Amino acid sequence: MKKETAVKLKWIRLASAAVLLNVAAQALAAEKITLMVGGYEKQIYLPAKLAERLGYFKDEGLDVELLNEASGVDAENEMLAGAVQGVIGFYDHCVDLQAKGKYIQSVVQLSHAPGEVELVSNKYPQIKSMADLRGKNLGVTGLGSSTNFLTQFLMVKAGVPLGNFSSLPVGAGSTFIMAMQQDKIQAGMTTEPTISRLLKTGAARVLVDLRTPEKTREALGGDYPAASLYMPNDWVQKNKPAVQKLANALVKTLRYIHSHSAAEIAAQMPKDFYAGDPESYVKALEQGKGMFTVDGVMPKGGPETVLSVLSAFSRNVKGRKIDLSKTYTTEFVLQVK
C-alpha cells in the first residue's frame with residue numbers, strides 16, 4: 001500500500017512539474033513588447049501593422065502591442081520615458097538624439113526613402129518652388145518631427161533661412177487636410193494616404209517628391225534611410241534575443257512586401273486604413289513600395305546623408321561630433337534566415 005502511495009505521489013509531482021514547465025513555456029512564448037508607431041495607418045510604417053496581421057510576431061513567440069501616435073517626435077518621447085521598448089519611426093531621430101547625449105539605434109531599417117511629399121495648396125498657383133514658400137505656414141506632423149526636419153532642410157537649401165517661414169504641427173490625415181482647406185497652412189509635408197486624398201480632390205499639388213529612392217537622391221543628395229525600428233542602445237544590449245525575434249518578424253515582412261502585389265498587401269491591412277478609397281490606397285502602395293528595403297539593412301551612405309541634411313539647419317547637430325556607428329546596427333538583420 002505504501003509503495004502504491006509513493007508511486008502516486010511521484011506521478012503527482014511529475015504532473016505538477018509538467019504543468020509548471022508548460023506555464024513557464026507559455027509565459028516565455030508570450031514575451032510582451034510594446035512598440036510605439038508614429039501613425040500606423042501611414043503607408044511609410046506599413047511593415048509594423050503588416051507583421052502583426054500576418055502573425056509574424058506571434059510566430060516568433062512575441063506578444064507585440066502596437067500603440068499609435070500621430071507624430072514621430074511624440075513616439076520618441078514615449079520611448080525615452082520608458083513607456084515603450086521601441087519606436088517605428090524615422091532613423092534621423094537616432095542622429096538628432098545623439099547630439100543631445102541620448103543613444104538610440106535603428107535595429108531594422110525598413111525604408112531607404114522618406115515616402116513623403118511636400119504638397120502645396122492649389123489656392124496658390126504662383127508657388128513653383130520651395131523658395132516661393134518664404135513667409136508661409138508649412139504643415140508638419142509635429143515640431144521636432146522628421147517632417148519638420150525635412151521641411152527645414154528643403155527651405156534652407158532653397159535659400160530661405162529659418163525664421164522666414166513657420167512650421168505648424170497639424171498631424172496627418174484629416175487634420176492635415178482640414179488645415180490646408182482652411183488655409184491655416186499653405187503647404188506641408190505628409191505621406192500616403194493623405195497625399196492621394198488631396199491630389200484626388202485637386203486641393204493640392206506636389207512640390208517636392210520624396211516617395212522613391214531616385215527622387216530622394218535628387219532632393220537630398222543621397223539615400224535617406226527613413227522608417228525603422230529604433231530602440232535605446234542599452235536596452236538592445238540587454239535584450240538581444242528579443243531584438244532578434246523582432247528583426248526576424250520585420251525582415252520576413254519586408255520579404256513579403258517585395259514578393260506580393262500591392263493589392264495582396266492591402267488586403268491584409270485594416271479597412272479603415274484605406275480612408276474610404278481602397279483603389280487609391282492600392283495605387284499609392286504600388287507606386288511607393290519601392291521605398292522599403294528588402295532585407296532591413298541600412299543602405300550604404302545613408303547615415304552620412306542624414307547627418308548632412310540635419311547639419312544644414314539644426315543647431316543641435318551642426319558642428320557636433322556624431323558617432324554614426326552607434327546610430328544603427330546590422331547585427332540582427334544579417335542573422336535572419
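The values are calculated or read from the model by the stated rules, or taken from the named source; none is laboratory data. Everything numeric in this text was worked out from a predicted model, so none of it was measured. Positions of Cβ are backbone-derived with ideal geometry, glycine not excepted, and every protein chain shown enters the neighbour counts. Surface areas here come from the heavy atoms of the whole protein model, side chains and all, with no ligands, DNA or RNA. Shrake-Rupley method; radii C 1.70, N 1.55, O 1.52, S 1.80 Å.
Start at zero, step by 10 Å, and the Cα-Cα distances of the chain spread as 6, 25, 32, 20, 8, 4, 3, 2, 1, 0 percent across the bins. Between L67 and Q126, the FRET efficiency from the beta-carbon distance, with R0 = 56 Å, is close to 0.85.
Past the 23 Å Cα-Cα mark, which pairs from K42/K215; K49/K245; K245/K321; K128/K200?
Pairs exceeding the cut-off: K245/K321.
Using the 2.2 N^0.38 Å rule of thumb for compact globular proteins, work out how the range 188-270 stacks up: its C-alpha Rg over that value, please.
Normalised Cα radius of gyration, the range 188-270: 1.46.
Distances between placed amide hydrogens fall under 5 Å for L168 paired with L138, G139, V140, all partners being 5 or more residues away or on another chain.
Within straight-line reach of K32, meaning a Cα separation under 13 Å, sit the following aspartates and glutamates at least 8 residues removed in sequence or on another chain: E60, D63, E65. Amide H to amide H distances under 5 Å link L110 with S228, L229, where only residues 5 or more positions off or on other chains count and H is placed in the peptide plane. The aspartates and glutamates whose alpha-carbon is closer than 12 Å to the alpha-carbon of K123, local same-chain residues fewer than 8 away aside, are D183.
Ordering A267, S111, M79 by the projection of their Cα atoms onto the charge dipole of the chain, which places +1 on the Cβ of Lys and Arg and -1 on the Cβ of Asp and Glu, puts M79 at the extreme positive end. Taking a ≥ b ≥ c as the square roots of the Cα gyration tensor eigenvalues, with a/c under 1.5 meaning rounded and otherwise prolate when a/b beats b/c, else oblate, which class fits the range 159-200? It is prolate, given that a/c is not under 1.5 and a/b is the larger ratio. By the compact-protein rule of thumb, 2.2 N^0.38 Å, the alpha-carbon radius of gyration of the range 49-192 corresponds to a ratio of 1.18.
Per-residue Karplus couplings for the range 57-63, computed as 6.51 cos²θ - 1.76 cosθ + 1.60 with θ equal to phi - 60°, are listed in order as 5, 5, 4, 8, x, 10, 9 Hz, Gly and Pro entered as x. In a reduced charge model with +1 at each Lys and Arg Cβ and -1 at each Asp and Glu Cβ, the range 238-337 shows a dipole moment near 660 debye about its Cα centre. Take the chain with all the other protein chains still there, run a 1.4 Å probe, and you get 45 Å² of accessible area per residue.
Expressed as a whole percent, the proportion of Cα-Cα pairs in the range 144-243 lying more than 20 Å apart is 51%. Close amide H contacts of V64 (hydrogens built in the peptide plane, cut-off under 5 Å, sequence separation of 5 or more or a different chain): I33. Does the range 111-191 classify as rounded, prolate or oblate by the C-alpha gyration tensor (a ≥ b ≥ c root eigenvalues; a/c under 1.5 gives rounded; else a/b over b/c gives prolate, otherwise oblate)? Note, shape of the range 111-191 comes out rounded. Please sort by residue number the chymotrypsin sites (Phe, Trp or Tyr not before Pro) in the range 68-146 whose DSSP state is loop and whose Cβ has at most 16 other Cβ atoms within 10 Å. When the chymotrypsin sites (Phe, Trp or Tyr not before Pro) of the range 68-146 are filtered for loop state and at most 16 Cβ neighbours within 10 Å, Y103 remain. Of the accessible area of the range 83-188, computed with a 1.4 Å probe over protein heavy atoms only, carbon and sulfur atoms account for 53 percent. State to the nearest 20 debye the size of the charge dipole of the chain about its Cα centre, where the only charges are +1 on K and R beta carbons and -1 on D and E beta carbons. Magnitude of the dipole: close to 680 debye. Compactness of the range 190-337 is given as radius of gyration and Dmax, 17.7, 51 Å, from Cα positions.
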